[in-house]
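These notes are about the structure you will find just below.
The values are calculated or read from the model by the stated rules, or taken from the named source; none is laboratory data. Just so we're clear, the structure is a prediction, and the values are computed from it rather than from any experiment. Because the Cβ atoms are built from the backbone with ideal geometry, glycine has one as well, and the counts that use them run over all protein chains shown. What goes into the accessible areas is simple: the full protein's heavy atoms, side chains included, and nothing from ligands, DNA or RNA. Shrake-Rupley method; radii C 1.70, N 1.55, O 1.52, S 1.80 Å.
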Amino acid sequence: MGIIQTSIVALLLIAVLYVASFWISTASLSTGGMEKLSAYECGFSQMGTSRMKFEILFYVVGILYLIFDLEIIFLTPLAVIMPSFDSFLIFLIVNLFIVIITIGFLYEYLIGALDLT
Amino acid sequence: MIASLIVLLGMVLSVALTTLAERKVMGACQRRIGPNKVGYVGLLQPFNASLLLNYVADGIKLILKESVLPLESSNLLFFAMPFFTFYLALLNWLVMPLDFGVAVGELVGGGLLVIVAISELGIYGVIFSGWSANSKYPFLGALRSTAQMISYSVGLSLIMLTVIFTLGTIDLLEVITAQRSVAVCFALFPMVGLFMISAKLNTISLTYLLPEAESELVSGFMTEHGAFPFACFFLAEYCNMITISTLFGVLFFGISVASGAHIALLFFMIWLRASLARLRFDQLMSAFWSHMLPFLMGYIMFLPAFLYTFDILS
């Protein structure tokens, strides 16, 4: 059986449950008024907007994640073809790549970009 | 068609029983009985038809509940994201080996990459569901969970990379057959422990209860979700736990889901949840970026050189 067929089966399985839950559910969507439909905020009505500024650190972590993820994607094919090459040069390439990434990470760590407190 | 349906339904059933197992193990850890009324020693608790038996139900009950759509939310994303998360959690089982040489979808070559890709797509489910609710607690919870999940998924991918270096393949079925003589867990012993830690923290894990820090963030990114959308997140979470436990067995011990050995890691996760206190968020992040990641990078540098020097490249 194919991948696509199975993923369609999974899609249908969840969709049936999802739609069924809206049919079966006993209360309607509209009753309850503002109190039920407003955003939850500790029993008070909402103060201000939720589209607010956030800590820059989350953004820094996201950028670091992108760099390291790309590095892993680049290393994976190298790891797979390494046995067939079986040369010393390929280790130098792999290690050089890792060292460059590590130097960049160390710089970011030492200037305190990852300091949360 | 029928075969894939059987596997997927079995997965959902297994998730339901995992929630029960969690409550039972937590109960045992805290010296109480846990759920034991519905069916024989509580075995029917996850499927309880609550109208008949008048107990608190887990699974079916959430389908019967009303779904609330908050006024200021982005409606489409708000309802689509739980669906998306659960769908991705089930998609892992397309490529996961069920036995020697048996997987649902016959994908030649890149099973491990598919698993990595799916687990990192799951992060979108968290961040968009938190953003689309347009409320403060889900937003803050989504930020935290995203930062935690992307950090530890880097760790998880690096650990998988060490296994790829050692075995020289990214096909999960080949990973199993390559370990028939000796399991790779002896060679990569430090990675086994690190995999356990980052597996727990990479799933939306209840283990350290950080994404849904009840005391400050109510329920994290799913505060506004109720009824079946909430159940979707819940099921996806446990589905990811089972997936990652199975992957642990596949990568390090060469045993698939048929051996049932993933239950050991599943038990270990629940056990840790019951016994350890919660970390603070900054401690968690610095534990990864300043302790675990340098160690992993050093190991990645060391491993190919070691394999080449002793001429044991597979």
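Considering the range A:94-107, and only residues there that are surrounded by 11 or more Cβ atoms within 10 Å (Cβ to Cβ) and under 21 Å from B:Ile150 (Cα atoms), the residue that is farthest from the other protein chains (Cβ to nearest Cβ) turns out to be A:Gly104.
Once the range A:50-88 is narrowed to residues that are facing chain B (nearest Cβ under 8 Å) and of a type in the set (Ser, Thr, Tyr), the residue that is farthest from B:Gln148 (Cα to Cα) is A:Thr76.
Apart from one condition, B:Asn134 fits all of (1) in contact with a helix residue (DSSP H, G or I) (Cβ under 6 Å, 6 or more places away or on another chain); (2) open to solvent by 10 Å² or more (accessible area, probe 1.4 Å); the exception is (1). The single condition among (1) under 25 Å from A:Arg51 (Cβ atoms); (2) within 8 Å of chain A (Cβ to nearest Cβ); (3) hydrophobic (A, V, I, L, M, F, W, C); (4) surrounded by fewer than 22 Cβ atoms within 10 Å (Cβ to Cβ) that B:Phe128 does not meet is (2). Collect the residues in the range B:22-37 that are buried (at least 18 other Cβ atoms within 10 Å of the Cβ) and in contact (Cβ under 8 Å) with a residue 40 or more places away in the chain, keeping them in residue-number order. B:Glu22, B:Val25 - these are the residues of the range B:22-37 that are buried (at least 18 other Cβ atoms within 10 Å of the Cβ) and in contact (Cβ under 8 Å) with a residue 40 or more places away in the chain.
For B:Ile312, the requirement of being more than 12 Å from chain A (Cβ to nearest Cβ), open to solvent by 10 Å² or more (accessible area, probe 1.4 Å) and under 24 Å from A:Thr76 (Cα atoms) is not met.
From the residues in the range B:5-55 that are polar (S, T, N, Q) and under 21 Å from the mean Cα position of the chain (by Cα), which one is modelled with the lowest pLDDT? Break it down stepwise before answering.
Step one: of the range B:5-55, the residues polar (S, T, N, Q) are B:14, B:18-19, B:30, B:36, B:45, B:48, B:50, B:54.
From what's left, under 21 Å from the mean Cα position of the chain (by Cα): B:14, B:18-19.
Working: B:Ser14: 83, B:Thr18: 82, B:Thr19: 79.
That would be B:Thr19.
Taking the range B:242-314 as the region of interest, the helices (runs of 4 or more DSSP H) fully inside it that hold 1 or more residues being within 19 Å of the chain's Cα centre (by Cα) are B:262-275, B:281-287. From the list B:Ser205, B:Ser198, B:Ser215, the one residue that fits, being modelled with pLDDT under 80, open to solvent by less than 10 Å² (accessible area, probe 1.4 Å) and either among the polar types (S, T, N, Q) or in contact with a strand residue (DSSP E or B) (Cβ under 6 Å, 6 or more places away or on another chain) (or both), is B:Ser205.
Every residue, every condition in (1) open to solvent by 30 Å² or more (accessible area, probe 1.4 Å); (2) of a type outside the set (A, V, I, L, M, F, W, C), yes or no:
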site: A:Gln46; (1), (2): yes, yes
site: A:Leu57; (1), (2): no, no
site: A:Leu66; (1), (2): yes, no
site: A:Glu71; (1), (2): no, yes
site: A:Leu78; (1), (2): yes, no
site: A:Leu92; (1), (2): yes, no
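Number of residues in the range B:159-187 that are surrounded by fewer than 22 Cβ atoms within 10 Å (Cβ to Cβ) and part of a loop (DSSP other than H, G, I, E, B): the value is 12.
With respect to the conditions (1) at pLDDT 80 or above; (2) at the interface with chain B (Cβ under 7 Å from one of its Cβ atoms), A:Leu29 falls short on a single one, namely (1). Taking the conditions exactly as written (farther than 22 Å from B:Gln148 by Cα and either within 14 Å of chain A (Cβ to nearest Cβ) or open to solvent by 10 Å² or more (accessible area, probe 1.4 Å) (or both)), does B:Phe288 satisfy them or not? No. Looking only at residues of the range B:264-285 that are more than 14 Å from chain A (Cβ to nearest Cβ) and buried (at least 17 other Cβ atoms within 10 Å of the Cβ), we find that the one that is farthest from B:Ala103 (Cα to Cα) is B:Arg273.
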